[in-house]
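For reference, the structure is listed below as structure tokens.
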Amino acid sequence: VEHRRAEKGTGRNLWSGDLSTTENLNEGVVVVTNNGNLKYANAAAKEFTGLEDLQTNITDWADQFGFCEPDEITKLKFNERPLIRAMKGESVYGIPLYVKQTAYGFGRHVLMDAIPMRNANGEVEQAMGVFRDISDIRTAEMQIEEGMDRVRALVESVPDMILRLDNEGRCLYY
């Protein structure tokens, strides 16, 4: 079942209303109405956030779960939140976020997409957000960065000179 389609030549997302096929996705899917009320959350979104009911507004929801920049500290500004941007008509993809409060009892890194869902007149009626937990990837990236920092520190602390040349004898590193 197609949940959205781009109307040829307009780039508008038309809403068909059926979200049943999102229930088995690993990604969290949420839909909010144009007044900011949470209308739908699939099983993955509920599990990730611990949402038990949909009687919440996305303003409260974002504060409740502590949406931050990937630095895990800086609170995400209201107008930078992906669903808020989508409600204003903007489609956003791959926005990195940190969610401080999750059902897991600790924060998680996510990538979020959000798109406006328009009616036949082109007006934004709802916004759909999809988020993917990338915490394991983020942890691996941080471990690689830490490893590289240790190698750099080790090389820079060696009292002897290290010289690296390419096949033609040009100095690459010293």
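The values are calculated or read from the model by the stated rules, or taken from the named source; none is laboratory data. Here the structure is a predicted model, which is why all the values come from computation and not from measurement. Because the Cβ atoms are built from the backbone with ideal geometry, glycine has one as well, and the counts that use them run over all protein chains shown. Accessible surface areas use protein heavy atoms only, side chains included; no ligands, DNA or RNA. Shrake-Rupley method; radii C 1.70, N 1.55, O 1.52, S 1.80 Å.
Leaving out ligands and nucleic acids, and using a 1.4 Å probe, what accessible area per residue does segment 55-146 come to in Å²?
Details: 4830 Å² over 92 residues.
Computed with neighbouring chains in place, this is 52 Å² per residue.
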Review point. Whole-Hz Karplus ³J(HN,Hα) for segment 152-157, in order, using 6.51 cos²θ - 1.76 cosθ + 1.60 and θ = phi - 60°, x for Gly and Pro?
Key: 4, 4, 5, 4, 6, 8
Study note, to complete from the structure: Excluding residues fewer than 8 positions from K77 in its own chain, the aspartates and glutamates with Cα under 19 Å of it are D60, D63, E69, E90, D113
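For segment 78-151, how big is the tail of P(r) above 17 Å, as a whole percent of Cα pairs? Mind dumping the intermediate values first?
Details: 1508 of 2701 pairs.
That tail contains 56 percent of the Cα-Cα pairs.
Per residue, how big is the convex hull of segment 127-174 when only Cα atoms are used? Give it in Å³. Can you show the working numbers first?
Details: hull volume 6.7 nm³, N = 48.
Given the Cα convex hull of segment 127-174, per-residue volume reads 139 Å³.
Filter the trypsin sites (Lys or Arg not before Pro) in segment 70-174 to those in DSSP coil with at most 14 other Cβ atoms within 10 Å of their Cβ, and list the result. The partial results should precede the final answer.
Working: sites: K75, K77, R85, K88, K100, R108, R118, R132, R138, R150, R152, R164, R170; in loops: K77, K88, K100, R170.
Of the trypsin sites (Lys or Arg not before Pro), the ones in loops of segment 70-174 whose Cβ has at most 14 other Cβ atoms within 10 Å are K77, K88, R170.
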Revision key, fill the gap. Segment 82-174: relative contact order from alpha carbon pairs under 8 Å, six or more residues apart, as a whole percent, is 20
